[in-house]
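The values are calculated or read from the model by the stated rules, or taken from the named source; none is laboratory data. Just so you know, these numbers come straight off a predicted model, no measurement behind them. Cβ placement follows ideal geometry from the backbone for every residue including glycine, while neighbour counts extend to all protein chains displayed. Quick note on the areas: whole protein, heavy atoms, side chains included, nothing else; ligands and nucleic acids left out. Shrake-Rupley method; radii C 1.70, N 1.55, O 1.52, S 1.80 Å.
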Amino acid sequence: MSNFPYPGKPVRGSKTGKPTMALFDLLGRPWSMGVLWQLCQGGRCTFRELQLRCESISPAVLNCRIKELRQGLLVEKALDGYQPTALGQQLAGLLQPFSQFSDRWAAQLNQAIKDDTNECN
């Protein structure tokens, strides 16, 4: 895959391909985070099971994301489906605080919206 975001090569947001930017490029693609998250939360699953977990993802997009995540060493194919690699699990662990933060952020944002709505009444 020529458009795979290899560290050290130009990637979205970085002409030098800093490893962080290469990873952000990979994870910033539509459904990349969702696919990895579903595998890390729900464990190994087949292509169809993963497509159901991701709800509206098309088979073509899912196939492309799986290939990219495999190339990035974050997902691997097992005998009975796909699963996160040790690196994929480690990345999911690093992202867990973002999940917790996003819950707090959403609650505060919803409260602020509610407060703004009440001010007009």
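Report the accessible area of residue 44, computed with a 1.4 Å probe over the heavy atoms of all protein chains in place, in Å² rounded to the nearest 10.
Roll a 1.4 Å probe over it and residue 44 shows about 120 Å².
Give the cross-link partners of residue 18 among the aspartates and glutamates, using a straight C-alpha distance below 20 Å as the criterion and excluding same-chain residues fewer than 8 apart.
Reachable aspartates and glutamates: 68.
Treating the beta-carbon of each Lys and Arg as +1 and of each Asp and Glu as -1, no other charges, what is the dipole magnitude of the chain about its Cα centre, to the nearest 20 debye?
Details: 14 positive and 10 negative charges, 129 e Å.
Using only the charged Cβ atoms, the result is roughly 620 debye.
Whole number in Å², please: accessible area per residue of the chain, 1.4 Å probe, ligands, DNA and RNA not counted.
66
For the chain, what is the calculated [θ] at 222 nm in deg cm²/dmol (nearest 500), taking -39500 (n - 2.57) for each run of four or more DSSP H residues and dividing by its residue count? Intermediate values should be presented prior to the final figure.
Values: 5 runs with 74 residues, N = 121.
It lands at -20000 deg cm²/dmol.
Label-point separation (nm) for residue 71 and residue 86, each offset 7 Å from Cα along Cα-to-Cβ?
Calculated label separation equals 2.5 nm.
Could you point to the label whose value was computed as mean projected area of the Cα convex hull in nm² for the structure here, given [x] 9.0; [y] 10.7; [z] 9.9?
[z]
If you plug each phi of segment 8-13 into the Karplus form 6.51 cos²θ - 1.76 cosθ + 1.60 with θ = phi - 60°, what whole-Hz ³J(HN,Hα) values come out, in order, with x for Gly and Pro?
x, 10, x, 9, 4, x
Can you tell me what the convex hull of the Cα atoms of segment 82-121 projects to on average, as an area in nm²? If you can, show how the numbers build up before the last one.
Numbers: hull surface 14.8 nm².
That works out to 3.7 nm², a quarter of the Cα hull's surface.
What is the spin-label model distance, in nm, from residue 112 to residue 58 if the labels are put 7 Å beyond Cα along the C-beta direction?
So the label points at residue 112 and residue 58 sit 3.6 nm apart.
Apply 1/(1 + (r/R0)^6) to the Cβ-Cβ distance of residue 102 and residue 79, taking R0 = 25 Å, and write down the FRET efficiency to the nearest 0.05.
Values: r = 35 Å, r/R0 = 1.38.
Approximately 0.15, to the nearest 0.05.
Rounded to the nearest percent, how much of the accessible area of the chain (1.4 Å probe, protein heavy atoms only) is carbon and sulfur?
Taking all protein chains in place, the chain shows 58 percent carbon and sulfur surface.
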